[in-house]
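Peer 1: Quick one: the structure is below, and I'll ask about it shortly.
The values are calculated or read from the model by the stated rules, or taken from the named source; none is laboratory data. Values in this document were obtained by computation on a predicted structure and should not be read as measured data. Every residue, glycine as well, gets a Cβ built from its backbone with ideal geometry; the counts of neighbours run over all protein chains shown.
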Amino acid sequence: MYLEKKYKISLLIFFSLIAFYFFYSSLFKEKKITPRAMIGNKIPNLQSQTLFKDEILAFSNVVKDEKFVVNIFASWCAPCKIEHPFLMELKKNKIKIIGINYKDNQKNAKAFIKKYQNPYEKILIDENGALSIQLGAFGVPETFLVDKNFIIIEKHIGPIDKNFIKKAVNLK
Amino acid sequence: MKLYLFIIFFLFGSVHADEVQDRTNLITKNLRCLVCEGQSVYESNSDFAKDIKIFVSKKIKENKTNEDIYNFLTSKYGDEILFNPDFSKKSFFLWLAPLFFFVIGAFFIFRRSNEIK
């Protein structure tokens, strides 16, 4: 009887410790949700007006039978400035980047590109965020690596880094 | 006559607008704001929430059903965007866990009360 009671108490303490560990560790976890629903799916062939020319283009008008990167950015977004050198590096590696200019003032967007150089093949304007929703995006910057069959291979939330460039370069 | 027609169109228009707004509110209350902490799209004023509100109201005006809108958004953002996800392979534990714990609890209480007797 005594042993059984002791056993029960140790079991209770054991489970309480496990529960404590889970609750305590979750206090320090980043609560950002990274939806991965779009990965492995075909990227929608979005079309919109371009930033520098008065023309309406779709993704398929810009890239043909090659891997490419779609980058959502805005001139008012500070992390976009941080990732800009990495985008330039992608361009140096001959990877085409389609920019989506998210809810921006066109004048500011053009000034941003002029100041930091243009890594983009074409920039499509997303005036009200509708294009970003089609991509399952929820902020800026967000970047998609797409293969030659228009399948999304990787989705990166926040400024891209060396790892992303490596993946893009190694993708066939 | 013109005045009557104007009033009828005005009333019909405002009723329709109310209906769109009501449905937008209903849907966005069940959508999680992915950039906020524990807020729904309905409650949030973030850019993401604003975009989704506009998108939902546009789809309602295009005569899409609530299910069409939920299906489209889950295809883009996954089940994470729903506050009340459907019963599926991924979420079955979430739905059945309370029942499971209730049955286990009831079993122990029942056994204990029998022991006391």
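Peer 1: What residue, among those in segment B:22-35 that are in a loop (DSSP other than H, G, I, E, B) and within 12 Å of chain A (Cβ to nearest Cβ), is modelled with the highest pLDDT?
Peer 2: B:C33
Peer 1: I'd like the full set of residues that are exposed (fewer than 10 other Cβ atoms within 10 Å of the Cβ) and either small (G, A, S) or assigned to a helix (DSSP H, G or I) (or both), limited to segment B:75-102.
Peer 2: The answer is B:F93, B:P98, B:L99.
Peer 1: Moving on. Quick check on segment B:36-46. Is at least one of its residues part of a helix (DSSP H, G or I), within 24 Å of A:K103 (Cβ to Cβ) and at pLDDT 90 or above?
Peer 2: Within segment B:36-46 (the criterion being part of a helix (DSSP H, G or I), within 24 Å of A:K103 (Cβ to Cβ) and at pLDDT 90 or above), the answer is no, since none of the residues qualifies.
Peer 1: If the Cβ limit is 7 Å and pairs must be 6+ apart or interchain, which residue in segment A:55-67 that is in a strand (DSSP E or B) pairs with which residue that is surrounded by fewer than 13 Cβ atoms within 10 Å (Cβ to Cβ) and not hydrophobic (A, V, I, L, M, F, W, C)?
Peer 2: Once the first residue is in a strand (DSSP E or B) and sits in segment A:55-67, its partners that are surrounded by fewer than 13 Cβ atoms within 10 Å (Cβ to Cβ) and not hydrophobic (A, V, I, L, M, F, W, C) give A:A58/A:N45.
Peer 1: Sort through A:I33, A:I72, A:I39 and tell me the only one that's at pLDDT 95 or above and either surrounded by 10 or more Cβ atoms within 10 Å (Cβ to Cβ) or not in a helix (DSSP H, G or I) (or both).
Peer 2: After ruling out the rest, the residue left standing is A:I72.
Peer 1: Please work out which one of (1) closer than 23 Å to B:L34 by Cα; (2) part of a helix (DSSP H, G or I); (3) not hydroxyl-bearing (S, T, Y) is the condition A:F144 fails and give its number.
Peer 2: (2)
Peer 1: Can you report the number of residues in segment B:79-89 which are within 15 Å of B:T28 (Cβ to Cβ) and more than 12 Å from chain A (Cβ to nearest Cβ)?
Peer 2: So the count comes out to 2.
Peer 1: Here's a check for you: in segment A:103-135, which residue that is within 14 Å of chain B (Cβ to nearest Cβ) and without any contact (Cβ under 8 Å) to a residue 12 or more places away in the chain is nearest to A:F86 (Cα to Cα)?
Peer 2: Top of the filtered list is A:I133.
Peer 1: Taking the criterion of being surrounded by 13 or more Cβ atoms within 10 Å (Cβ to Cβ) and of a type in the set (A, V, I, L, M), would at least one residue in segment A:18-27 satisfy it?
Peer 2: Checked against the condition, which is being surrounded by 13 or more Cβ atoms within 10 Å (Cβ to Cβ) and of a type in the set (A, V, I, L, M), segment A:18-27 yields no hits at all.
Peer 1: Check off (1) buried (at least 16 other Cβ atoms within 10 Å of the Cβ); (2) part of a helix (DSSP H, G or I); (3) within 14 Å of another protein chain (Cβ to nearest Cβ) for A:P79 and give me the number that stays unchecked.
Peer 2: Looking at each condition in turn, A:P79 falls short on (1).
Peer 1: Only one of (1) closer than 29 Å to A:G40 by Cα; (2) loosely packed, with under 14 Cβ neighbours inside 10 Å fails for B:F72. Which number is that?
Peer 2: All conditions are met except number (2).
Peer 1: Within segment B:43-62, which residues are surrounded by fewer than 18 Cβ atoms within 10 Å (Cβ to Cβ) and over 15 Å from the mean Cα position of the chain (by Cα)?
Peer 2: Scanning segment B:43-62 gives B:N45, B:S46, B:D47, B:K50, B:I54, B:K58, B:K61, B:E62.
Peer 1: For the structure I just gave you, tell me whether B:F87 is closer than 29 Å to A:I157 by Cα and hydrophobic (A, V, I, L, M, F, W, C).
Peer 2: It is true that B:F87 is closer than 29 Å to A:I157 by Cα and hydrophobic (A, V, I, L, M, F, W, C).
Peer 1: What are the residues in segment B:15-39 that are under 10 Å from the mean Cα position of the chain (by Cα) and surrounded by fewer than 16 Cβ atoms within 10 Å (Cβ to Cβ), if any?
Peer 2: B:N25, B:L26, B:K29
Peer 1: Check B:K76, B:K61 and return the single one that is facing chain A (nearest Cβ under 9 Å) and of a type outside the set (G, A, S).
Peer 2: Checking each option against the conditions leaves just B:K76.
Peer 1: If you don't mind, another one. Return yes or no: is A:F138 under 30 Å from A:D54 (Cα atoms), part of a strand (DSSP E or B), within 14 Å of chain B (Cβ to nearest Cβ) and not charged (D, E, K, R)?
Peer 2: Criteria not met by A:F138.
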